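What follows is a short report on a single structure.
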Amino acid sequence: MLRPALEFYLDLHLHPELSGDEHRTAGLLATWLEHHGCEVARGVGGGHGVVGVLRNGPGPTVALRTELDALPVTERTGLPYASTVPGVMHACGHDLHLAAAAGALARLAAARDAWRGTVLVIGQPAEETLDGARTMLADGLYERFGTPAAVLAQHTAPLPAGTVAHPGPGPLMPAGATLDVVIHGRGGHGGTPHLTVDPVLTAASAVVRLQSVVARETAPAEQVVLTVGALHAGERANVIPDRAELAVSVRAFDDAALDRVRAAVERIVRAECAASGCPAGPEFTVTSRSPALTPDPALTAAVRGAHEAVLGPGRVATAPPLTAVEDIAHFRRDGVPLAYWLLGVTGARRLREAAATGEPVPSNHSPEFAPEVRTALPTGITALTTAALHVLDPARSEGPV
Ligand code: ZN
Ligand code: ZN
């Protein structure tokens, strides 16, 4: 079972596709699922969403969720199987999630006498842009394929390969929102600034002042992130442009805090525009929003116990809260319990080097992110299979399959 899953991984890693463009990846997953006995639906959610349904008599439905998309990152791992697509890389490990879900489905399909029920494999596109989960659900994911008894997912992380880490109590990941901001100035000649309203200066003041939201308006014990990830204005040194654009990402561990930070961004940008005498007020567009991720405590405890039984307690750790954002929380709709754990991908040699040099281990979204697939993939397959069996038949989940 491992060699085909490994070859599946290598193929995906060589041929990454960006969010919303996961045509080939979706096709590979659909083919794998059909080969292992699933009924497959394509185009779920209007994009490249794939759902595989493996029926095995009456019983609960468990959903295994994996993402399909890669990132606009140029790979610098030096691996012999590095991305062949210029400027695109599986830098978040979604290829490993896909291969682990594929491997788990194959194991479950080959061991049908060990369980009863239905396994759904949800191949979700457009995770990095935070809209794939929402669009699949809006397209009737639960109505068409059954509301699952649980949704299970894992995410690669720069933890030791061969280990998994489960969240402690409370949210594992914050709620997040992305805002596009347009500041309107009055363009003109660079030599006559007094005849213009310079949006570059207004935008620069706003960027600096926005950092006071975290530093001065947020309680020190509260975790909030505010990043201005893009600032675009102007083309030439001697032309004052008529607009500036900011892209702002905000993250907070509860929705009320997120709304407060968002309101503060609008207040500060409006005030900077007023201070500059902008001819029109700024425009704000929320381009994505995702709720905080709080896995189900009872299911998390049960899956953690099953993982400890199969992997050994030494390979199961507790994950600290993260400030990455995921859209998987949408799958909690209708009270569906969710278990979500981190899958370690960093090899022992790399960890030793990091300890010796003090250099951090390349993490997700880094051009040097290089999972040690030979250790991490079998662990991911075992972790997902074990968790699925727990949901399908709690009494048998601890036996090897
Ligand atoms: Zn990512
Ligand atoms: Zn990811």
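The values are calculated or read from the model by the stated rules, or taken from the named source; none is laboratory data. Everything numeric here is computed off the predicted structure, so don't read it as measured data. Cβ atoms come from the backbone with ideal geometry, glycine included; neighbour counts cover every protein chain shown. These area figures cover heavy atoms from the full protein model, side chains too; ligands, DNA and RNA do not enter into them. Shrake-Rupley method; radii C 1.70, N 1.55, O 1.52, S 1.80 Å.
For the chain, just give the cysteines left without a disulfide-compatible partner, judged by no other Cys Cβ under 4.7 Å.
38, 92
What is the set of long-range amide H partners of residue 370 at a cut-off below 5 Å, with H atoms built 1.01 Å from backbone N?
none
Using a probe of 1.4 angstrom, how much of the accessible area of the chain is carbon and sulfur, in percent?
Summing carbon and sulfur atoms, their accessible area is 55 percent of the total for the chain.
Can you compute the FRET efficiency between residue 301 and residue 230 using 1/(1 + (r/R0)^6), with r the Cβ-Cβ distance and R0 = 35 Å? Round to the nearest 0.05.
After rounding to 0.05, the efficiency reads 0.30.
Give me the accessible area of residue 333, 1.4 Å probe, in Å² rounded to the nearest 10.
Looks like 80 Å² after rounding.
Sorted by accessible area (1.4 Å probe), largest first, how do 323, 84 line up?
Descending order: 84, 323.
Would you kindly state how much longer the chain becomes between residue 368 and residue 247 on full extension, computed as 0.36 nm times their sequence separation minus their alpha carbon distance, in nm to one decimal?
41.0 nm is the gain from fully extending residue 368 to residue 247.
Can you give the helix-only mean residue ellipticity at 222 nm for the chain, where every DSSP H stretch with n ≥ 4 adds -39500 (n - 2.57) and the sum goes over all residues, rounded to the nearest 500 deg cm²/dmol?
Dividing the helical sum by the residues of the chain leaves -11500 deg cm²/dmol.
Quick one: 3J(HN,Hα) in Hz for the range 128-140, Karplus 6.51/-1.76/1.60 with θ = phi - 60°, rounded, Gly and Pro as x.
Karplus values, whole Hz, x for Gly and Pro: 5, 9, 6, 10, x, 5, 4, 5, 5, 5, 5, 8, x.
Within the range 222-243, list the residues whose amide N lies under 18 Å from a label point set 7 Å along Cα→Cβ of residue 215.
The answer is 222-229, whose backbone nitrogens lie closer than 18 Å to the label point.
For the range 323-329, what does the Karplus curve 6.51 cos²θ - 1.76 cosθ + 1.60, with θ = phi - 60°, yield as ³J(HN,Hα) per residue in whole Hz, taken in order and with x for Gly and Pro?
Values, residue by residue: 10, 6, 10, 10, 9, 5, 4 Hz.
Name the residue, out of 278, 92, 38, whose mean-square fluctuation peaks in a Gaussian network model built on the chain with Cα pairs under 10 Å.
For the chain, modelled as a Gaussian network with Cα springs under 10 Å, the answer is 278.
Give me the number: length gained by fully extending residue 39 to residue 192, i.e. 0.36 nm times residue separation minus the C-alpha to C-alpha distance, one decimal in nm.
Roughly 48.3 nm would be gained on extension.
To the nearest 10 degrees, how steep is helix 255-276 against the longest Cα principal axis of the chain, on a 0 to 90 scale?
The angle comes out at about 20 degrees.
Once phi is turned into ³J(HN,Hα) by the Karplus curve 6.51 cos²θ - 1.76 cosθ + 1.60 with θ = phi - 60°, what whole-Hz value does each residue of the range 355-363 show in order, with x for glycine and proline?
Each residue of the range 355-363 in turn: 5, 6, 9, x, 6, x, 6, x, 9 Hz.
Rolling a 1.4 Å sphere over the protein heavy atoms, what is the accessible area per residue of the range 227-362, to the nearest Å²?
Result: 49 Å² per residue.
Could you work out how far helix 373-392 tilts from the main Cα principal axis of the chain, as a 0 to 90 degree angle to the nearest 10?
70
Over the chain, what relative contact order in percent results from Cα pairs under 8 Å that are six or more residues apart?
RCO, the chain: 23 percent.
Out of residues 5 or more away from residue 155 or on other chains, whose amide H comes under 5 Å of its own, with H placed 1.01 Å from N in the peptide plane?
When sequence neighbours closer than 5 places are left aside, the close amide H contacts are 341, 342, 343.
Report the label-to-label distance for residue 323 and residue 6 in nanometres (one decimal), using points 7 Å from each Cα along the Cα→Cβ vector.
Between residue 323 and residue 6, the simple spin-label model gives 3.8 nm.
What distance in nm separates the two pseudo spin-label positions at residue 222 and residue 353, each 7 Å out from Cα along the beta-carbon direction?
It works out to 4.2 nm between the two label points.
Can you send over the solvent-accessible area of residue 113, 1.4 Å probe, protein chains only, in Å² to the nearest 10?
130
Go through the range 233-315 and name the GluC sites (Glu not before Pro) that are in a DSSP coil and have 11 or fewer other Cβ atoms within 10 Å of their Cβ.
Passing both the DSSP loop test and the Cβ count: 235.
Please give the helix 94-110 orientation as an angle from the longest Cα principal axis of the chain, in degrees from 0 to 90, rounded to the nearest 10.
Between the helix axis and the principal axis of the chain, the angle is about 20 degrees.
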